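Below is one structure, written out as structure tokens; comments come after it.
FYI, it's all coordinate maths here, none of it is from the lab. All figures in this text were calculated on a predicted structure; none of them were measured in a lab. Here the Cβ is made from the backbone with ideal geometry for all residues, glycine too, and neighbour counts use every protein chain on show.
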Amino acid sequence: MTAQHADGFVRPSPPNATTKLSCNWIQEEAAAVLLIVSTATPADVNDGLQQLASEGYQCQAAQDFGAQYCMRPGDAASSEDVVVARDDVWIYLETVNVNARAWLSDIAAQIFG
């Protein structure tokens with residue numbers, strides 16, 4: 001598994017991933033949302049998904065946009081890390097003190113149709 005970087009932090013991504021979009025929103029150090037959208041070959045995305053279990057992620061099929069949805073609790077009590085992946089796209093979302101799942105669903109729907 002290789003790593004994608006956003007503001008100096010290392011995040012999970014598939015091998016040979018290319019970052020297409022990276023956004024980090026912070027609200028007075030009380031809440032934060034980090035979004036990284038990457039692409040890689042479908043085989044590399046699949047390999048990346050296979051590695052997530054060893055990092056504590058639980059994955060299942062997302063019924064609303066036909067992708068794999070993987071989640072694990074974050075390092076803080078009110079944080080979580082989420083990966084949504086399908087075909088050649090890998091979406092990583094990290095949140096602290098905010099629920100950004102609706103945004104993630106909208107973003108995934110726009111990407112995956």
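Which of these values of Rg and Dmax of the Cα atoms in Å was calculated from the structure shown: (1) 15.4, 47; (2) 13.0, 40; (3) 17.3, 55? Computed from the coordinates, Rg and Dmax of the Cα atoms in Å corresponds to (2). The angle between the Cα long axis of helix 42-52 and the longest principal axis of the Cα atoms of the chain comes to about 50 degrees, rounded to the nearest 10. Considering the chain as a Gaussian network with a 10 Å cut-off on Cα pairs, which listed residue, L34, L21, L52, attains the greatest mean-square fluctuation? Evaluated over the chain, the most mobile residue of the options is L21. Taking label points 7 Å from Cα along the Cα-to-Cβ direction, Q58 and S105 give a separation of 1.9 nm. For segment 23-91, the set of GluC sites (Glu not before Pro) satisfying both a DSSP loop assignment and a count of at most 14 other C-beta atoms within 10 Å is given as E28, E29. Taking the chain as a whole, the Cys residues whose C-beta sits 4.7 Å or farther from every other Cys C-beta are C23. Counted over all Cα-Cα pairs of segment 22-73, pairs farther apart than 15 Å make up 63 percent. Karplus-derived 3J(HN,Hα) values for segment 100-113, using 6.51 cos²θ - 1.76 cosθ + 1.60 with θ = phi - 60°, are 10, 4, 5, 5, 4, 4, 5, 5, 4, 5, 5, 6, 8, x Hz; glycine and proline are entered as x.
Which whole-number percent is the relative contact order of the chain (Cα, under 8 Å, 6+ apart)? Please list the in-between numbers first.
Values: 226 pairs, mean separation 26.8, N = 113.
Result for the chain is 24 percent.
At A30 and D75, where each label point lies 7 Å from the Cα along Cα→Cβ, what is the point-to-point distance in nanometres? About 2.3 nm separates the two model spin labels.
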